[in-house]
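Just so you know, all these numbers are worked out from the coordinates, no wet-lab data involved. Everything numeric in this text was worked out from a predicted model, so none of it was measured. When we count neighbours, we look across all protein chains shown, and the Cβ atoms used for this are built from the backbone with ideal geometry, even at glycine.
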Amino acid sequence: MRRSVSGPAPSRWLASAPAVLLAGIAQTLSFSPFEWWWLQLLSLAALAHATAGAAPRRAAMMGWLYAVGWLVSGFWWLYISMHDYGGMHPALAALAVLVLAALLGLYYAAAMALWARLRTGRPGWDVALWSACWLLAELARGLVFTGFPWIASGYAHAVGPLAAWAPWMGVYGLCALAAALAAATALWLQDHSLRVRSSVSALVIALALAPHLLPDQFTRSTGTVAVSLLQPNVPQEIKFDPDRLNLQLHGLVRQLTEARGALVVTPESVLPLSADQISDGYWAALRDALQPVSPPLDPAAAGAERAALVGIFVGDEASGYVNSVVALPGEVTDGAMASAAAGYRYGKRHLLPFGEIIPPGFHWFVRLMNIPLADQARGNSTEAFAFGGQRLRPLVCYEDLFGEDIVSSVVGPQAATVFVNVSNLAWFGRWLVQDQHLQFSQMRAIEFQRPVIRSTNTGATAVVDHQGRVTARLPPLVTGVLEATVEGRTGETPYARWLAACGLWPLIAAALAVIGIAAFIGLRPTRQRIPGP
């Protein structure tokens with residue numbers, strides 16, 4: 001990609017630092033609730049335009065500014081958890097969000113510096129190189145230090161024409177594909193030659209149409225199950241208040257009694273206690289609430305056994321507490337701990353840095369934030385819960401951002417047929433965070449062609465079908481029960497197959513191969529054409 005430094009004023013302004021910062025902010029608008037997927041491509045094209053022809057240092061600065069604008073505007077809601085609930089001074093909380101974005105932005109600064117150092121001057125290779133550098137930055141953010149891939153660029157395409165690629169290449173593949181399209185768009189705007197513009201146009205059309213010419217159904221139905229998804233809407237400021245505990249306990253029994261589905265799902269930590277702190281009498285009350293109802297949500301299930309997946313902490317001070325989901329009714333009726341442990345139990349495996357696990361040397365920071373149970377233990381099971389002819393795989397809160405972690409659950413003879421996400425996003429307020437998290441569930445549904453059902457404390461409680469469509473949803477910040485019938489699916493998408501076999505290494509290898517070839521091209525001596533007689 002080549003750009004004339006002495007180009008027209010609009011072109012020079014688009015390559016300026018303020019324009020790049022605004023382009024990064026614009027990328028946030030491409031995600032839910034706006035779902036302007038096309039803006040993601042234009043936003044990233046602005047960065048590609050700004051780095052075309054730039055020296056490595058300037059390209060790094062542009063990549064960093066773009067990332068800071070995007071990430072600060074994309075997860076500013078972290079301020080709410082740190083200030084409103086953690087008690088941090090407003091200036092410190094705002095600074096913490098900015099510092100986090102600035103540190104994560106270094107991945108993109110390095111990517112753009114690498115692109116500027118290695119660009120070949122050959123349009124096709126430079127588009128591929130820009131895409132490869134962007135992909136490595138996204139992978140680094142998603143994998144290093146346990147990863148924080150919130151609003152990775154590919155998630156914007158859970159809707160729109162590029163979503164059809166998700167069962168083939170997953171969200172990181174979409175990151176690379178979107179980057180290639182953005183770089184090609186920048187090239188189209190910079191190079192007015194008919195050859196380049198026709199080639200770019202053909203590439204865009206091919207990438208948009210190709211997946212629609214390929215097979216698109218890789219899974220088959222396993223029947224349906226009637227579910228009730230609870231949304232208690234407990235304000236975060238009282239959730240861990242012992243004086244308000246009875247309000248939550250009675251509310252859960254009431255919602256379980258009102259639910260009409262065969263399977264009832266509660267949010268994460270709906271019981272803000274450890275399992276051994278729950279009395280036998282309360283466990284019995286929960287089981288009684290699961291007696292057959294009349295009329296049931298599914299008439300064919302009249303009189304049939306009902307079950308619930310309940311969010312609670314399991315463990316002790318010595319071994320640590322695990323953010324868990326337990327199945328009720330249990331297999332025994334005496335002993336509080338036995339009630340929760342005898343039946344099915346799933347413990348959260350991928351923990352959130354600073355929220356659930358404290359990196360070495362940062363205990364002072366978490367004490368300052370004052371988050372309860374900040375240092376938790378990991379679960380060790382990936383087994384699905386078998387019920388109603390389905391195999392339901394729990395995912396606790398942001399575990400559903402990591403498809404590479406959960407892919408083993410969708411391959412093989414015991415593969416899960418439904419994903420069950422339980423979350424409590426009340427820590428982070430209402431705006432953006434709930435819709436963004438729902439969009440991540442949509443992407444997992446498309447990648448693996450599995451439905452995702454979501455029970456949350458304050459939102460977004462919803463049902464997503466295997467094609468990523470939201471078929472039912474409760475309004476945020478209301479108390480309610482979402483009743484729905486969900487169709488399970490079995491089978492493996494191409495993405496699930498290669499991800500289960502190789503992890504994300506094929507994408508990493510492809511990006512490194514492009515970078516290696518570009519470096520080789522740059523090392524080759526330039527051949528000068530000898531004029532004829």
Hey, what's the per residue convex hull volume over the C-alpha atoms of the stretch 30-125, in cubic angstrom? 98
Hey, if you put +1 on the Cβ of every Lys and Arg and -1 on every Asp and Glu Cβ in the chain, which of L273, A178, W76 ends up farthest toward the positive end of that dipole? A178
With charges only on Cβ, +1 for K and R and -1 for D and E, what is the dipole size of the stretch 372-455 about its Cα centre, in debye, rounded to 20? 240
Can you compute the charge dipole magnitude of the chain about its Cα centre, using +1 on each Lys and Arg Cβ and -1 on each Asp and Glu Cβ, nothing else charged? Give it in debye, rounded to the nearest 20. 2700
Row for the chain, column shape: gyration tensor on C-alpha, a ≥ b ≥ c, rounded if a/c < 1.5 i.e. under 1.5, prolate if a/b over b/c, else oblate; value prolate
Take each of the peptides 53-66, 178-191, average the number of other beta-carbon atoms within 10 Å over its residues, and list them starting from the highest. 178-191, 53-66
Each residue of the stretch 376-393 in order: what ³J(HN,Hα) in whole Hz does its phi give by Karplus 6.51 cos²θ - 1.76 cosθ + 1.60, θ = phi - 60°, with x for Gly and Pro? 10, 8, 8, x, 9, 10, 10, 5, 8, 8, 8, 6, x, x, 10, 10, 9, 9
Principal-axis tilt of helix 166-190 within the chain, Cα atoms, nearest 10 degrees: 30
Counting Lys and Arg as +1 and Asp and Glu as -1, each charge on the Cβ, what is the dipole of the stretch 1-123 about the Cα centre in debye, to the nearest 20? 820
Dipole-positive endmost among Q390, L162, M112 within the chain (Cβ charges, Cα centre): M112
Rounded to the nearest 10 degrees, the helix 17-28 long axis (Cα) sits at an angle to the longest Cα principal axis of the chain of 40
Residue farthest toward the positive end of the dipole of the chain, with Cβ of Lys/Arg at +1 and Asp/Glu at -1: which of H437, Q376, F34? F34
Once phi is turned into θ = phi - 60°, what whole-Hz ³J(HN,Hα) does the Karplus curve with 6.51, -1.76 and 1.60 give for every residue of the stretch 212-225, x standing for Gly and Pro? 6, 9, 9, x, 10, 10, 10, 10, 10, 6, 10, x, 10, 9
So how tilted is helix 56-74 from the main axis of the chain? Cα-based, degrees 0 to 90, rounded to 10. 30
